[in-house]
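Below is one structure, written out as structure tokens, with a few remarks after it.
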């Protein structure tokens with residue numbers, strides 16, 4: 001089967017109207033779903049590509065692109081090199097975004113609760129079980145903490161958001177690394193599971209005393225109270241565009257040969273500690289010439305024209321040097 005990925009120019013010429021738009025299917029990361037929804041809506045008329053994206057979780061996205069049931073997959077957990085090679089998959093970053101802990105505590109609003117990474121890990125480990133525990137109270141003088149049990153909520157599906165969150169907990173709390181580890185699906189010490197970022201957001205919203213973790217847009221859109229975290233520099237920081245950008249500044253893309261990067265617990269006074277890139281996965285050997293061309297057109301248009309849309313959703317856009325490296329690597333993958 002010959003390679004079908006076609007080189008495309010950064011400025012698309014002669015695009016079709018939305019009535020004649022080519023339809024492509026994608027599936028995977030719920031972390032990236034808000035971004036692909038807005039990019040897809042704009043690309044339908046501007047680039048002549050109609051995107052049907054299903055937010056099914058990163059693990060399912062990887063499986064579906066390998067099975068050839070979608071035109072592209074999306075994952076926050078980079079696909080291992082051996083798996084990409086065996087499946088003839090090209091992987092590239094599309095944007096960066098923050099994952100935030102969210103809580104439902106009466107009288108406690110967004111950015112009013114302070115936690116450290118270690119305390120957060122102990123909460124999800126089941127070592128801290130009440131909201132008025134001294135370990136939490138010490139970090140929150142003046143905050144009225146209820147005498148209520150903590151109800152943790154985690155992803156029930158294989159999730160890149162879980163991979164990033166558990167990787168952070170593994171980095172900041174050795175016991176988590178030793179006993180639970182980091183993966184898109186882990187054996188949780190306790191708590192309730194929910195499907196997707198939207199499921200976790202809904203579960204926390206409906207559970208007094210609840211705490212979960214979601215991509216920032218889901219916390220913002222659902223008006224849930226986000227937690228301030230102590231970062232690597234020892235400062236409590238709020239999640240948002242400026243703290244995400246501060247963390248992204250410290251990223252060194254040159255160390256990676258596959259366009260992936262570790263953005264967790266970056267140094268810097270204003271840096272948010274749980275930042276991740278999200279990745280697109282594209283078959284190098286596509287079954288349809290037209291589908292391969294349309295996938296390339298969609299991402300090329302989005303990376304060229306979609307920065308402002310991404311920033312409005314509080315994603316951090318890729319540096320121009322990384323975008324250029326993506327296009328060069330895609331050309332080489334043909």
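Here, each number is a calculation from the coordinates, and none is a lab measurement. Remember, it's a predicted structure, so these values are computed and weren't measured experimentally. Cβ atoms come from the backbone with ideal geometry, glycine included; neighbour counts cover every protein chain shown.
Listed values, structure above:
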| quantity | calculated |
| --- | --- |
| Exposure proxy ranking, count of Cβ atoms within 10 Å, fewest first, for 223, 88 | 223, 88 |
| Whole-number percent relative contact order across the chain, with pairs defined as alpha carbons under 8 Å at least 6 apart | 28 percent |
| Highest-MSF residue in the chain out of 43, 21, 74 [GNM, Cα springs under 10 Å] | 21 |
| Percent RCO, i.e. relative contact order, over segment 99-255, from Cα pairs under 8 Å lying at least 6 residues apart | 35 percent |
| GNM flexibility winner over the chain from 312, 44, 122 (Cα, springs under 10 Å) | 312 |
| Segment residue 250-residue 118, length gained on full extension (0.36 nm per residue, minus Cα span) | 45.3 nm |
| Antiparallel %, DSSP beta bridges [both residues in the chain], to 5 | 60 percent |
| Likely footprinting exposure, 113, 169, fewest C-beta neighbours within 10 Å first | 113, 169 |
| For segment 90-147 and segment 275-334, distance of Cα centres in Å | 33 Å |
| Ranked 243, 159, 55, 183, criterion: other C-beta atoms within 10 Å, fewest first | 183, 55, 243, 159 |
| Folded to 0 to 90 degrees: helix 320-332 orientation relative to the chain principal axis, Cα | 50 degrees |
| Using alpha-carbon coordinates, inclination of helix 58-67 to the longest axis of the chain, degrees | 20 degrees |
| Gain on full stretching of the segment that runs from residue 233 to residue 206 - 0.36 nm per residue minus C-alpha separation | 6.3 nm |
| Degrees separating the helix 289-305 axis from the principal Cα axis of the chain, which is the longest one | 50 degrees |
| Max mean-square fluctuation residue, GNM over the chain, Cα-Cα springs under 10 Å, options 263, 224, 139 | 139 |
| Computed [θ] at 222 nm, helices only, for the chain once each DSSP H run of length n ≥ 4 contributes -39500 (n - 2.57) | -10500 deg cm²/dmol |
| Within segment 99-255, percent of DSSP bridges classed antiparallel, to nearest 5 | 60 percent |
| Burial ranking of peptide ranges 297-308, 267-278 (average Cβ count within 10 Å, highest at the top) | 267-278, 297-308 |
